[in-house]
Amino acid sequence: VNYDPDGEIAGHGYVDLGLPSGKKWATCNVGASSPEDYGDYFAWGETSPKAEYYWDTYLHWNDINGDGWYDNGEAKINSDISGNAQYDAATANWGGSWRMPTKEEMKELRTHCEWEWTQVNGVNGAKVIGPNGSYIFLPAAGFRGGSSLYDDGSSGNVLSSTPNDYY
């Protein structure tokens, strides 16, 4: 992706996609040095990457019924974490006004942008083109489960700051 960011906040570039909300989007993931770099992986509400991603290594789960599986009602966080440095990986790691997007901001990105599957420097991902023609690249970074990386190159996940309605 050869473009210059529209500006920087706390040393990290952003792009104005021309969205109705005016929301600016980072040019790369937290922990990444370029748009196509996967960056770090985080469990929701955690601010540091870790070696193993299991339910029993998840900081914000209270296994109330002792079955070893996450059930509705066992979450320690039940509110939006956007901008809360204790739980928001973007705020905790980048500072400034950086924060995770909310569910509504993710919906805006999905509905107001054109999404194009492409490849940048050999990395698969989505080119997300805003109403003004500016774009960001979301690498298909897969996800971590246990100590393994899954589906990299074919899918990716973007965490919002809004808790899931189910769990």
message: Please verify whether residue 30 is open to solvent by 20 Å² or more (accessible area, probe 1.4 Å), modelled with pLDDT of 95 or more, assigned to a loop (DSSP other than H, G, I, E, B) and among the aliphatic types (A, V, I, L, M), treating the condition exactly as stated.
response: yes
field: Top-ranked residue in region 6-25 [being in contact with a Gly (Cβ under 7 Å, 6 or more places away or on another chain) and either in a loop (DSSP other than H, G, I, E, B) or among the hydrophobic types (A, V, I, L, M, F, W, C) (or both); ranked as surrounded by the fewest Cβ atoms within 10 Å (Cβ to Cβ)]
entry: 10
message: Would you confirm whether or not region 78-91 contains a residue that is at pLDDT below 95 and either exposed (fewer than 14 other Cβ atoms within 10 Å of the Cβ) or more than 30 Å from residue 146 (Cβ to Cβ) (or both)?
response: yes
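Quick one: in region 106-141, of everything that is farther than 18 Å from residue 33 by Cα and in contact with a Ser or Thr (Cβ under 7 Å, 6 or more places away or on another chain), which residue is most open to solvent (accessible area, probe 1.4 Å)?
106
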- line: Pairs returned, first residue in region 17-45 that is among the β-branched types (Val, Ile, Thr), second residue that is assigned to a strand (DSSP E or B) and modelled with pLDDT of 95 or more, beta-carbon separation under 7 angstrom, 6 or more apart or interchain, are 27/13; 27/14; 27/15; 27/136
Pairs where the first residue, in region 149-162, is at positive phi and the second is surrounded by 16 or more Cβ atoms within 10 Å (Cβ to Cβ), C-beta under 6 Å, 6+ apart: 151/142; 153/124; 153/140
message: If I ask for residues that are part of a loop (DSSP other than H, G, I, E, B) and either without any contact (Cβ under 8 Å) to a residue 60 or more places away in the chain or closer than 23 Å to residue 11 by Cα (or both), which ones from region 90-121 would you list?
response: 95, 96, 97, 98, 99, 100, 101, 102
message: Quick check on region 45-64. Is at least one of its residues charged (D, E, K, R), within 18 Å of residue 161 (Cα to Cα) and assigned to a strand (DSSP E or B)?
response: no
- request: Could you check residue 36 against (1) closer than 23 Å to residue 164 by Cβ; (2) surrounded by 17 or more Cβ atoms within 10 Å (Cβ to Cβ); (3) in contact with a Phe, Trp or Tyr (Cβ under 8 Å, 6 or more places away or on another chain) and say which number it fails?
  value: (1)
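The values are calculated or read from the model by the stated rules, or taken from the named source; none is laboratory data. Small disclaimer: the values here were computed from a predicted structure and weren't measured. All Cβ positions, even for glycine, are placed from backbone atoms using ideal geometry, and neighbour counts span all protein chains on display. We work out accessible area using only protein heavy atoms, side chains counted, and drop any ligands, DNA or RNA first. Shrake-Rupley method; radii C 1.70, N 1.55, O 1.52, S 1.80 Å.
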